[in-house]
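Structure first, then comments.
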Amino acid sequence: MLPDFLIRATIAGLGVAIIAAPLGCFVVWRRMAYFGEATAHAALLGIALSLAIEMPIFTGTLLAALLMAFTVSQLSGRGLASDTLLGVSAHAGLALGLVVASFLSGVRIDLMAYLFGDILAVSINDLYTIWIGAIFVLLLVYWRWSPMLVSTLNEELAYSNGINPKREKLILTVALAITVAVSIKVVGLLLISALLIIPAAAARNISSTPEFMVIGTAVVGIVSAITGLQFSYFFNTPPGPSIVCVSLTFFLILSTKKLWTIGH
Amino acid sequence: MQHLFGTVINVTLIATKDLTVKYGQNIVLKNISLEVQAGEIVTIVGPNGSGKTSLVKTIIGALTPDSGSLHIKKNLRIGYVPQRLNIDHTLPMTVQRFLNLTQVLDNQQCLDALDVAGAPGLLNAQMSNLSGGQFQKVLLARALQGEPEILIMDEATQSLDQAGSADFYKQIETVRDKKGCAVLMISHELHVVMSASDKVICLNGHICCSGAPEAVAIMPEYHNLFGTGTDGTLALYRHNHDHRHDEHVHSAEETP
């Protein structure tokens, strides 16, 4: 029989794997990898601030992630190249968060837990947060799937079909911020991008349509979460990085398989 | 006014009046007034940077006009063929899925759509593996679904060679005659396009001249814009529209 904390960790991991599947695909298709990273890094500032003013951590991270996402999308295309802009914002968020955290007297903040995740310590309340967030995001993506996909392909094509791509991008940004906020506990803010991108990149190799790719990404994510946690339990390795390593293995195997198929 | 399928149709699909569009301080379109009627083929020609693409973007709602009026028929069904469509390599997309992007088609409808657009047998191909010409035809096939009232095409033949684009325009005309939809297209390939059009609009930030292709071809404004060097190659083929003449002959002939 598995210990309770491992069961809770697995349920949390499954929630994050499922929510990360559609979002991870959009991040890959729209080349938003660095954008996701900036949003995740901003979350540290949110954590520090929510500890300072005694706000729930989830709310703080969500607000910081949203703020970062909107700032970056507003500023992009006005002067700085977007990778420069994202580089500035991502590391500014991280640095500011660390500095603000050091000012907090009386609160011992476990930085490692936020940077690399603390999935073995998820509480029942954390599970509620993760799954409510996950279900909300899934419903949102399901509802907006077709318009978001058309907007991703081509903005003019979207307009000509009466879709406003700016609105779809906004919805995607909100969904991404929620995903970041619920995933921090599981993999930590430094590895959220990995969780978004690696399963999607792995599934790309075996997918013929966008929908298959999302399903493939979910499968890779779920198997990675379960296997990674078991591995971590038996070999005493850090759980978040172990999950990422398992999905990396999937990526390597599926990419090699694809290269092999093309070569022959 | 057009005679199509024995009935007289005179519905205005798109009408602009003194339309002005700016990018920041730059005026890209100035006082554009034009109309597109149902079933009409309208071609917009103009040099690079003349605002052709901005005009199309304004009509489909991607750009907001700064002044003037833009009237689009209510619930106008637009079949849009973009200038370029880069499907990111990371986004898997079969031709069949692409055709189903904004509407639900069954297998047979997809096959028919590809036949009409002249690209049969591509149903299960990946979009990223298509050649330029095949890709363009699939874009056309998608745009033709859902009974569009107007096809809007932005330099749709950019990736095609001379013969390929002549072929493509013939396809457009066939489609227009079959489906009765209007066509609004942008092109710089005057010689191929013009004869197939009912109306040509010469654009260079403002409308320099417009009218029937034969009339525009001899207007001085047109020659100022494109030079007189094109005279010899102008109008590679002249097309007898069967809705204008009684004969149902499609012929191509050289004109001076």
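Of the options B:H188, A:V137, A:I243, report the single residue whose Cα projects farthest towards the positive end of the charge dipole of the protein assembly as shown (beta-carbon charges: Lys, Arg +1; Asp, Glu -1).
Farthest towards the positive end: A:I243.
How much length is gained if the chain between A:I132 and A:S102 is pulled fully straight, taking 0.36 nm per residue apart and subtracting their Cα-Cα distance, in nm to one decimal?
Full extension from A:I132 to A:S102 adds 7.6 nm.
Dividing the alpha-carbon radius of gyration of the protein assembly as shown by 2.2 N^0.38 Å (N being the number of residues), what value is obtained?
So the Cα radius of gyration is 1.17 times the expected 2.2 N^0.38 Å.
Lys/Arg Cβ at +1, Asp/Glu Cβ at -1, dipole of the stretch A:4-190 taken about the Cα centre: which of A:L157, A:Y34, A:A177 is farthest positive-ward?
Value: A:L157.
In debye, nearest 20, what is the charge dipole magnitude of the protein assembly as shown about its Cα centre with +1 on Lys and Arg Cβ and -1 on Asp and Glu Cβ, if you could check?
Around 1280 debye, computed over the protein assembly as shown.
For the residues B:L101, B:L114, what sequence is obtained by ranking on other C-beta atoms within 10 Å, fewest first?
Neighbour counts put them in this order, fewest first: B:L101, B:L114.
If you take the alpha carbon radius of gyration of the stretch B:1-145 and divide it by 2.2 N^0.38 Å, what ratio comes out, to two decimals? Please list the in-between numbers first.
On the way: Rg = 18.0 Å, N = 145, 2.2 N^0.38 = 14.6 Å.
Output field value: 1.23.
Taking other Cβ within 10 Å of each residue's Cβ, how do A:V174, A:V182 sort, fewest first? Could the numbers behind the result be given before it?
Values: A:V174 18, A:V182 26.
Taking fewest neighbouring Cβ atoms as first place, the list is A:V174, A:V182.
Could you give the length gained by full extension between A:D4 and A:T249, i.e. 0.36 nm per residue of separation minus their alpha carbon distance, to one decimal place?
Working: separation 245, 0.36 × 245 = 88.20 nm, distance 2.75 nm.
Contour length minus Cα-Cα distance gives 85.5 nm.
Under 5 Å between amide H atoms, partner at least 5 residues away or on a different chain: which partners does B:M153 have, H built in plane at 1.01 Å?
Here B:V81, B:L184, B:M185, B:I186 satisfy the definition.
Report, as an integer, the average count of C-beta atoms from other chains found within 10 Å of each Cβ along A:29-35.
Other-chain Cβ atoms within 10 Å of each residue's Cβ, averaged: 2.
Divide the volume of the convex hull of the Cα atoms of the stretch B:112-206 by its number of residues and quote the answer in cubic angstrom per residue.
111
Please check: in the Gaussian network model of chain A (C-alpha springs, under 10 Å), which one of A:I197, A:I132, A:I184 has the largest mean-square fluctuation.
A:I132
Per the Debye formula with a single identical scatterer at each Cα and no solvent contribution, what log10 I(q)/I(0) holds for the stretch A:4-190 at q = 0.15 Å⁻¹?
Log10 of I(q)/I(0), two decimals: -0.88.
Run the simple label-point estimate for A:E54 and A:D110 please: 7 Å along Cα→C-beta, distance reported in nm.
The answer from the label model is 2.2 nm.
Take B:E35, B:E147, A:E168 and order them by how many other Cβ atoms sit within 10 Å, fewest up front.
Final ranking by Cβ density, sparse to dense: B:E147, B:E35, A:E168.
State, to one decimal in nm, how far the label point of B:H223 lies from the label point of B:H188, with both points 7 Å from Cα in the Cβ direction.
With each label placed 7 Å out from Cα toward Cβ, I get 2.3 nm.
Between A:V223 and B:Q109, what is the label-point separation in nm under the 7 Å Cα-to-beta-carbon projection?
3.6
Bear in mind these aren't lab numbers, they're just calculated from the coordinates by the rules spelled out. A quick note: this is a predicted structure, and the numbers were derived from the prediction, not measured. As a convention, Cβ positions derive from the backbone with ideal geometry for all residues, glycine included, and neighbour counts pool all protein chains shown.
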